[in-house]
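Trainee: Questions regarding the structure given below will be posed in turn.
The values are calculated or read from the model by the stated rules, or taken from the named source; none is laboratory data. If you're wondering where the values come from, they're calculated on a predicted model, not measured in any experiment. Positions of Cβ are generated from backbone atoms using ideal geometry, with glycine treated the same way; all protein chains shown enter the neighbour counts.
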Amino acid sequence: MSVRRGLLIILSSPSGAGKSTLSRGLLAWDPDISFSVSATTRAPREGEVDGQHYHFMSKAAFQEDVARGDMLEHAEVFGNFYGSPKGPVTEAISEGRDVLFDIDWQGAQQIQNSALSQHVLSIFILPPSITELRRRLIERGQDSAEVIAGRMQKSWDEISHWAEYDYVLVNDDLARTETELKGIVTAARLRRHQQPSVNDHVRLLQQEYEDLS
């Protein structure tokens, strides 16, 4: 049996709050954390590799997996389906490896209500201000003004679900937020139900105590 069970680490935030940067930091910090590879029914884009960037599936196969309960969470976005396959996550948990999810509040709710809920660690990342959020979106230079306006419009809907998470971090200093995030993960790994081997250790202590009595 593994020394500990793995965690399902959920990071959510409005776009621009620093979630992707924090996710990369976690993955670099500990090789026992892997990123959940989502399944999708959209066609692969140039350079995308099946099984690395996404698990590419037909709509029929995706819907069959949903019907069997083989997706931890799923959603339809612009006519295509996206979801998190349960099999690789269940395997990782049993082997003591953590799985990181970069998903929105709707996906988080589905995972928190799943059969694996006791292993979930959910963290919401807040920006220091809405003005700063907009500045970050503009300065990263990835989106048009129209796309940025859409992200800003959606941001409050995301933020309004902050209270549904186990932990909330205000990302006003990236280095400090990274340190706090690592501390949260370290503590969550020590939850009693994440350490099945502790039961055996306590039994050994009890036997030793009785032998000495």
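Condition check ((1) closer than 24 Å to Gln112 by Cα; (2) at pLDDT below 90; (3) surrounded by 12 or more Cβ atoms within 10 Å (Cβ to Cβ); (4) in contact with a Phe, Trp or Tyr (Cβ under 6 Å, 6 or more places away or on another chain)) across all residues:
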| site | (1), (2), (3), (4) |
| --- | --- |
| Asp143 | no, yes, yes, no |
| Arg151 | no, yes, yes, no |
| Asn171 | yes, no, yes, no |
| Arg176 | no, no, yes, no |
| Arg192 | yes, no, no, no |
| Leu205 | no, no, no, no |
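Trainee: Follow-up question, since we're still on this one. Please determine whether any residue of the stretch 129-138 is in a loop (DSSP other than H, G, I, E, B), out of contact with any helix residue (DSSP H, G or I) (no Cβ under 6 Å at 6 or more places or on another chain), under 25 Å from Ile184 (Cβ atoms) and in contact (Cβ under 8 Å) with a residue 24 or more places away in the chain.
Mentor: no
Trainee: Which one is surrounded by the most Cβ atoms within 10 Å (Cβ to Cβ) among residues in the stretch 62-113 that are within 16 Å of Arg42 (Cβ to Cβ) and among the aromatic types (Phe, Trp, Tyr)?
Mentor: Within the stretch 62-113, the match that is surrounded by the most Cβ atoms within 10 Å (Cβ to Cβ) is Phe62.
Trainee: List pairs: first in the stretch 20-36 and more than 21 Å from Ser94 (Cα to Cα) and in contact (Cβ under 8 Å) with a residue 40 or more places away in the chain, second part of a helix (DSSP H, G or I) and among the β-branched types (Val, Ile, Thr), Cβ under 8 Å, 6+ apart or cross-chain?
Mentor: As it stands, the answer is Leu22/Thr177, since those pairs meet every condition given.
Trainee: From the list Gly47, Gly6, Gly87, which residue is within 17 Å of the chain's Cα centre (by Cα) and either assigned to a loop (DSSP other than H, G, I, E, B) or modelled with pLDDT of 95 or more (or both)?
Mentor: Going through Gly47, Gly6, Gly87 in turn, the sole match is Gly6.
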